[in-house]
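Let me begin by presenting the structure, written as structure tokens, before commenting on it.
The values are calculated or read from the model by the stated rules, or taken from the named source; none is laboratory data. Quick caveat: nothing in here was measured; it's all calculated off a predicted structure. Heads up, the Cβs are rebuilt from the backbone with ideal geometry, glycines too, and the neighbour counts pull from every protein chain shown. Heavy atoms of the whole protein, side chains included, go into the accessibility calculation; ligands, DNA and RNA do not. Shrake-Rupley method; radii C 1.70, N 1.55, O 1.52, S 1.80 Å.
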Amino acid sequence: MLVKHRMECVLILTFILTGLVVFFVGGTNITIGVINNICSHEHPENTTLGTSTLELQNTTINVIWSQADFTELYLVLQKVKELRKNHADLVYVNSTDHSIVMAISNLNSTPALHLNDVNQETVENLVAPESYSPCQETPPKVEDSPTVACSAVAFGKNIFDEFGITLMVSRILTHLQWTSTFAFFENSTAHNIDMILEKINEIGIKHRTFNVDNLRTTDDILQVLDIIHREVVDRMVNITIVCHLDCIERILKQANKYDNLPANFRRTALRDHTFWFVVTQLPGDEAEFIQSSSELDNVCVLNINVTTDESALDPNSYLDQQKIIDQLGNITTLVQSTGSSSAILALKNYSQSIFSPVSCRTYPLSTLMWKENPENGTSLIRQLENVGWVEVNGRFQFDSKLYPNVEFGFNKRNFLVTTTWWPPFTERIQENGQTIDYVGFCADLLKELKEELNFTYTYTEPSDNEFGSMYANKSWSGMIGQLERREVDLMVAGASIQASREQVMDFTHPFYYDTTTILIKRPDPDENKMFTLAKPFKIEVIVCIFFVLPVSAFLLFVIEKLSPYYKIHGPEGRQNYQMSFWYMFGALLTQGGESLPNSQSGRTMITFFWLFSLIMVATYSGNLIAFLTVTIDKAPFNSLEELVEQDDYKWGILAGTYFVTWFQESPFELLQKVWSGIKTFNRTDTDVLNPDPNVHIDKMYKEKYVYIGDKSYMEVRKANRCELITATEEIPNMSYGIGLPNNSLYTKLFSDKILSLQEGGILQTFKQKHWPREEFCHGSLVAEAKEIRLIDVQAAFIVVGAGIALGTIVLLIEKLVNRLSLRFCLKKENTPCKHIKTVPTIEMELDEVEISGMSNGVYSVEDNGTNNHINNGYYSQSSLDGY
């Protein structure tokens, strides 16, 4: 009975279409072509079944009956062309397959209709003759399982101008200036996509196509998405879909969750690096479509299920809608006698959309936008928003960009950001022992990036509170390990850029440059006050002075010995070595001496020694005043070279930081020595590699210890602690950058923003805000005088005490030597020494007394002018020796 119903439907439609053809062609001889599907049990070589003739109101209707395999679209199209060659005025295809309808709808100027043009419910009760039984294809069953390929589902009762769709899509793609696209289609839209691709080929848009009907499983779709994502390097990927809704949802659902799959998590960025242009029929309820693509940022839809302007008429159109309706009314009257009024009524009602002028068909363009949730006003939801329209003749108008989400950065995407305490870059704000927020340079930088790139973020910290160091198995700890394992989206902290780290993660352009230096506790200024007198001169100067003094005294003695002055004028005033030494020592102390050399050579040398002494004393006095009044901030060493050469201080670095790798892997001998010392100290004191900087600071107060680290942190720690100082040497070897997972597509985006902030001076304002201000500590160089304490001059009292002690010792030595000399002193011939009393002093005038000579030890004294003789003119040698 069903076959009979369908056959009668065909005959009735033939009469109806005949009436339409009468209107179009205005003649009395009409040719109609009818194409049916080949029955499975029939395999005729000739697919033309024959012809028949009908007479209707003085009109001859020639019907050409034929059949084709509806599973082969190419054969159907060939049959349509064949009927056209046979001068068919109208072709009717007895099929519900929309792919066939779309393929033949605008193949040529011959009008073509199909079974869906008439509501099937209106022809259920029609009776067909028993003499003809055409085969009708059965649409494949559609299952709910997502692994089943899309089936051919017709677009309902609408018929679309295939050329119009091709023109609309190609014009939009041209406007978007796409150079390439991935195209998805299904069997029912294959011919349509071929026409679109042929059109965009003419304007130079490259393409690659995928038939969704061949992607039968989820894995098949994911493999295609992998292919697409491999094209995502530093550019956007363009995707076009011409498909039915259920087919489109299959693709979009997989793309929607693609980035969150375990294998892709924080590895891919299909969400915001793709443009999706979808051509389909959206239902009145768009919720399911929105849900299937809610995570994708850039989705634009050409909805061909809705016309935005169906009432407008094109004055240039060759169709007049009212005339067609009137003519259909005449046909209705004519055919009512056949009992097919319901079919005529259905065709009449539908004719208004079939024959509306194509130039008046306008379709909306919508894009998925993030909107505030009206229920709470805080969260965001996805909604379709109209952004323009396009007509089937290719004319379009856009109210905004087709993909406005590109202008909104990450569209409020939430990033998990790892950081750790490290002032002035990051400091915690805590309440009741819980961290509620962070402040610092990096916190301000993250807030600025958030506003610029339109994202939200949530903070986290590594469980070990480390920046990151490499384990023996080549994995990483700390924040670097979190990025390596893709546990976080960003690392915003004072973490330095290293080549070894970049093997497992990405760094942006540096946002700050830092140096390595030495932090040390200033030595106690009162610790070595007893050496204050020696501090103005370096040890080598003191050694030279003590060398010059005895050498100069010896040279003065030699000059005096060799000077002819004393041969002429007598030996009076001649300097011996002892007298020369003490004279020069007195001159060095600006005290002088009693005996000045009489010779010109001796006085010349003494003059220049006075100049030498004057310079030394002036220099010493000035420096001594400075040492007594000004606090010296000098570190015991000012470079790594000086550090490794001394034995008094130990040194250490933070574990789990850049410095471990830097010292450990450095090829430079100096840095290797530093690391060797750390390893040696670590055997007995593990705190030299403690990850807590406070431990290192405390060690400096307890013992002689040096902390090696980044200058920025040391500036913070010594800001209010005047007892802490840094070494003069700074090694500019660090730069800090934002970290992202390895091969992240967002690295360039963040780098560009950081460069922009640098050029705008924003980063400099962050530094001025968070870096401590330099302050003069008490005891630094100031204009006011400083009182001299007893401890400042204790060296002078020590010198006095040493002088008293040394003088006493010399006295004791003198007495001992004198006693020993009296005891062991012997005369010649070993006779004991006999003390002879000194004769009384005899005063005499030399001009009256003349020593005539000495013979046998007796001087002969003559009294010139007197008659007195002294001791008979003879004096013993021993008596003279007493003078």
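Mind checking which strands (runs of 3 or more DSSP E) fall wholly inside region 376-422 and carry at least 2 residues that are surrounded by 17 or more Cβ atoms within 10 Å (Cβ to Cβ)?
Details: elements: 380-391, 396-398, 413-418.
In region 376-422, the matching strands (runs of 3 or more DSSP E) lie at 380-391, 413-418.
Every residue, every condition in (1) touching a Cys at 6+ places or on another chain (Cβ under 9 Å); (2) more than 30 Å from Y583 (Cα to Cα); (3) surrounded by fewer than 12 Cβ atoms within 10 Å (Cβ to Cβ); (4) without any contact (Cβ under 8 Å) to a residue 40 or more places away in the chain, yes or no:
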position	(1), (2), (3), (4)
F608	no, no, yes, yes
F612	no, no, no, no
V617	no, no, no, yes
N623	no, no, no, no
I653	no, yes, no, no
G656	no, yes, no, no
E665	no, yes, no, no
F668	no, yes, yes, yes
K679	no, yes, no, yes
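Take the residues in region 483-513 that are open to solvent by 10 Å² or more (accessible area, probe 1.4 Å) and in a strand (DSSP E or B); name whichever of them is farthest from I725 (Cα to Cα).
D506
Is there a residue in region 252-274 that is more than 36 Å from the chain's Cα centre (by Cα) and either in a loop (DSSP other than H, G, I, E, B) or modelled with pLDDT of 50 or more (or both)?
No: zero hits.
From (1) more than 60 Å from the chain's Cα centre (by Cα); (2) under 21 Å from F537 (Cα atoms); (3) not basic (K, R), pick out the condition that doesn't hold for M616.
(1)
Considering only region 182-219, state which residues are in contact with an Asp or Glu (Cβ under 7 Å, 6 or more places away or on another chain) and outside any strand (DSSP E or B).
Within region 182-219, E186, N187, S188, N192, M195, V212, D213 meet the criteria.
Across region 184-196, which residue is farthest from L215 (Cα to Cα) among those that are surrounded by 23 or more Cβ atoms within 10 Å (Cβ to Cβ) and without any contact (Cβ under 8 Å) to a residue 60 or more places away in the chain?
Filtering first and then ranking leaves I196.
So L222 ticks every box in (1) hydrophobic (A, V, I, L, M, F, W, C); (2) surrounded by fewer than 22 Cβ atoms within 10 Å (Cβ to Cβ); (3) part of a strand (DSSP E or B) but one. Which box is left unticked?
All conditions pass for L222, except number (3).
Given the conditions (1) touching a residue at least 12 places away in the same chain (Cβ under 8 Å); (2) touching a strand residue (DSSP E or B) at 6+ places or on another chain (Cβ under 7 Å), report the number of the one that K450 does not fulfil.
(1)
Exactly one of (1) within 34 Å of the chain's Cα centre (by Cα); (2) modelled with pLDDT under 90 is unmet by D314. Its number?
Tallying (1) within 34 Å of the chain's Cα centre (by Cα); (2) modelled with pLDDT under 90, D314 fails exactly one: (1).
When both residues are 6+ apart or on different chains and their Cβ atoms are under 9 Å apart, which pairs have a first residue that lies in region 807-825 and is at pLDDT below 75, and a second that is open to solvent by less than 80 Å² (accessible area, probe 1.4 Å) and outside any helix (DSSP H, G or I)?
Filtered contacts from region 807-825: C825/C833.
Among Y658, Y583, Y620, which is at pLDDT below 80 and among the aromatic types (F, W, Y)?
The match here is Y620.
Among the residues of region 149-165, are any part of a helix (DSSP H, G or I), aliphatic (A, V, I, L, M) and modelled with pLDDT of 70 or more?
yes
Look at G468 and say whether it is touching a strand residue (DSSP E or B) at 6+ places or on another chain (Cβ under 7 Å) and part of a loop (DSSP other than H, G, I, E, B). Show your work before the answer.
Working: touching a strand residue (DSSP E or B) at 6+ places or on another chain (Cβ under 7 Å): yes; part of a loop (DSSP other than H, G, I, E, B): yes.
Answer is yes for this residue.
Hey, I172 hits all of (1) open to solvent by less than 40 Å² (accessible area, probe 1.4 Å); (2) modelled with pLDDT under 90 but one; which does it fall short on?
The one condition I172 does not meet is (2).
Checking A472 against (1) among the aliphatic types (A, V, I, L, M); (2) out of contact with any Gly (no Cβ under 9 Å at 6 or more places or on another chain); (3) at pLDDT 90 or above, which test does it fail?
Looking at each condition in turn, A472 falls short on (3).
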